Amino acid sequence: MFPWGREAAAFFLFQGIAVRRMIDRLLQPIYNLRLKHKIVLCCAMLVIVSTGFSGMLLYRYASQVTTETSNVHSSEVMVQVSNYLNEKLKGIITRGLSLRSDRMFNETAVRFLASDDPRYYASALSYFSNVFLEMRYSEPFISSVFLYTPKGSFYDLSLSYRTDQKFTETAMFKAISAQPDNSVYWLPRSKSELYRQDESVVSLVLRFSVSGYNDELYMVIHLKEQLILDYLRNAQLGEGSSTIIVDSGGNTIASSDSPVTRALHEDAAVWNQVLSNERGFAKMDFGTDSYGINYIRTNVAPWTIINIQSRKALLEKLRSMKIYSAAILLISITLSFGLAYLVSATISRPLVALERTMQQVRLRRFDARFEYPYEDEVGKLGRTFNFMTEEIHHLVGQQESYIVQLQNEKERAETEQKLKRIAELKALQSQMTPHFLYNTLDSIKWMAEKSGEWDIVRMITALASFFRTSLSRGKEIIPIKEEIGHVASYLRIQQIRYEDRFVYEFHIDESIDKQMTVKFILQPLVENAIYHGIKLLPGQGVIKISVEAEEAAIKLSVEDNGPGIHPVKLQLIRRRFETLQQEHSDGYGLYNVNDRIRLYFGEPYGLQIDSLQGRGTKVTALIPIMNREEDARHV
């Protein structure tokens, strides 16, 4: 059909034969090499091809894994940052709004708003300034606080306030007036319009009312943009990473201005995606680099946290992998030559002999030796093997000796731990007696100065009874009845000292008064109730001491009707109860009692504290039910 087909086939066949002959001529020098050289060359080519190909695949895989891992890690970091900011902002909002329920805050505000007396403004300004100052010191994110009322504004006296600026004329007030239905407003970063401050702030405005006054009040809380930025920088993922915060309108809340963040604002598609979704990932090209963008919206404020990660900076860390791959390639080529020369029959026999010697060592015959007269690699390997077997034999003997030493060390450590525990218990107990002794002697001196002889006699008598129970003939565990007598002596002393400024009551379950307890539990609790509760009352106080059984435990409680404990301080005390304290800056007696109980009986036992501000405080010591037979075992 094609008359020229046979000629074409013959032409291509001739060309193929010519190419093959040319290749054979090029490979002729290789064909003439000795076998061991061919093995060396073959090994080298295999190493070069396999290592180069695998290195390229490894680099691509590492790049992909690094990028994916970075995205996942960035997403996790964003969640952590979001959770942290949510907690912070929620706490600040709660702190501001909780002032509405504060009795002093309401009374001060209403007294000023309901009267035209200018003296009320001065007292209210002083009070609110102290409240704002305390808010600033308790929360580092707060830069300043301002309160607006229709009759006057209140500000922080420790800051420089702009007296010529009216709140209703600020851009801030105009912005929140456009949203009359809201009670919480978040405004983008700006310079403060109310205080003379150089730093940029993020404004939070709370609109609320107080009972007894119909018009609304505005509280402005300025947050430090720089502190937010510092936190974002600490949370960044290394070089080439930056984090910014914007609000729902795209206004900047916190950002370290850079060309990348400006490019993100200008990329309308990516920017709209970030603002319209609660959480996600996007990509953006800028200049010669590409960027991965992780974003997440916060729950408390209408903010979106955006992390921008440079792909070039991320993959910059993989440059060392290229150098490492090249070094591995060179090492592999070098080793291939050595391996090729080792593939020889001249070394097979000594290797077999070496393997047999190793089998003997495997059977724990460490006296076996490999004998080889030459100084080649096999000879060196044999000498190294002989040295290794000698070392193993020596180490086995040392191991048996070390096992005996470790057993002795373990027994010694256990003994030392027991002695240390006893010493800690004794040290804690020894701290208590001097602490009270100085207070009592001071009381006796004070009473002597007043020349009240019968009172002194009564106090000394109660003190003697107190010390008799304190000593308890060296016992650490005493009956509950003795502990009650001990605290009763202490209360009689304090009643004389404070001239009947308080009364006390005992509510004791008679069925458990013969049970045992750790000595010196109730007295520090009563002392704490007097000095931090009853002493601060204008009138007569009441202290209630109760002892009752509950399941397998005994509750020893001390309750007072003092001013109570601030919720923040109460939470701090409860956290400190969770771990043993080495030193106590305040509340010495409480922490000491809690530590002693936990050291004696373990973590399920210790102190529990409950308090309502303005209502009083109740501290309960929880100990296990013990009879006299169990006494020694617990000690």
Looking at L85, is it part of a helix (DSSP H, G or I), open to solvent by 60 Å² or more (accessible area, probe 1.4 Å) and modelled with pLDDT of 70 or more? no
For segment 496-534, which residues satisfy the criterion of being of a type in the set (A, V, I, L, M, F, W, C), open to solvent by 10 Å² or more (accessible area, probe 1.4 Å) and outside any helix (DSSP H, G or I)? V503, F506, I508
Between a first residue in segment 388-411 that is within 21 Å of T357 (Cα to Cα) and a second residue that is modelled with pLDDT under 75, which pairs have beta carbons less than 7 Å apart while being 6 or more apart in sequence or on different chains? T389/V361; T389/F366; T389/A368; I392/F366; H393/F366
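Taking the condition over 30 Å from G91 (Cβ atoms) and surrounded by fewer than 20 Cβ atoms within 10 Å (Cβ to Cβ), does G589 pass? Don't jump to the end; show me each part of the working.
Values: over 30 Å from G91 (Cβ atoms): yes; surrounded by fewer than 20 Cβ atoms within 10 Å (Cβ to Cβ): no.
In short, no.
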Given the criteria open to solvent by 50 Å² or more (accessible area, probe 1.4 Å) and touching a Leu at 6+ places or on another chain (Cβ under 9 Å), does S248 qualify? yes
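Suppose the filter is more than 30 Å from S101 (Cα to Cα), in contact (Cβ under 8 Å) with a residue 12 or more places away in the chain, open to solvent by 10 Å² or more (accessible area, probe 1.4 Å) and out of contact with any helix residue (DSSP H, G or I) (no Cβ under 6 Å at 6 or more places or on another chain); does R207 pass it?
On the way: more than 30 Å from S101 (Cα to Cα): no; in contact (Cβ under 8 Å) with a residue 12 or more places away in the chain: yes; open to solvent by 10 Å² or more (accessible area, probe 1.4 Å): yes; out of contact with any helix residue (DSSP H, G or I) (no Cβ under 6 Å at 6 or more places or on another chain): yes.
Criteria not met by R207.
Can you tell me how many residues within segment 549-563 are touching a helix residue (DSSP H, G or I) at 6+ places or on another chain (Cβ under 9 Å) and surrounded by 15 or more Cβ atoms within 10 Å (Cβ to Cβ)? Quick ask: steps written out before the conclusion?
Just the residues of segment 549-563 that are touching a helix residue (DSSP H, G or I) at 6+ places or on another chain (Cβ under 9 Å), to begin with: 549, 554, 556-563.
The next check asks that each one be surrounded by 15 or more Cβ atoms within 10 Å (Cβ to Cβ); those that pass are 554, 556-563.
Number of matching residues: 9.
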Criterion (modelled with pLDDT of 70 or more, among the hydrophobic types (A, V, I, L, M, F, W, C) and closer than 30 Å to W186 by Cα) met by exactly one of V65, V79: V79
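For segment 217-248, what are the residues that are in contact (Cβ under 8 Å) with a residue 60 or more places away in the chain, closer than 18 Å to I296 by Cα and touching a strand residue (DSSP E or B) at 6+ places or on another chain (Cβ under 8 Å)?
Step one: of segment 217-248, the residues in contact (Cβ under 8 Å) with a residue 60 or more places away in the chain are 217-224, 227-228, 231-232, 235-247.
From what's left, closer than 18 Å to I296 by Cα: 228, 231-232, 235-237, 241-247.
Scanning segment 217-248 gives I228, L232, A235, Q236, L237, S241, S242, T243, I244, I245, V246, D247.
Hand me the list of strands (runs of 3 or more DSSP E) wholly inside segment 142-236 holding 3 or more residues that are farther than 30 Å from S75 by Cα and of a type in the set (S, T, Y). Show your work before the answer.
On the way: elements: 142-149, 152-155, 184-191, 200-208, 217-224.
It comes to 142-149.
Output the residues belonging to segment 131-171 that are open to solvent by less than 10 Å² (accessible area, probe 1.4 Å) and closer than 26 Å to G91 by Cα.
As a first pass, look at segment 131-171 and keep what is open to solvent by less than 10 Å² (accessible area, probe 1.4 Å): 132, 135, 142-147, 149, 154, 156, 167, 170.
Those that are open to solvent by less than 10 Å² (accessible area, probe 1.4 Å) and closer than 26 Å to G91 by Cα: F132, M135, I142, S143, S144, V145, F146, L147, T149, F154, D156, F167.
The values are calculated or read from the model by the stated rules, or taken from the named source; none is laboratory data. Remember, predicted model here, so these are calculated numbers, not experimental data. Note: ideal-geometry Cβ built from the backbone for every residue, glycine included; neighbour counts use all protein chains shown. Note: accessible area is taken over every heavy atom of the protein model, side chains too, but ligands, DNA and RNA are not part of it. Shrake-Rupley method; radii C 1.70, N 1.55, O 1.52, S 1.80 Å.
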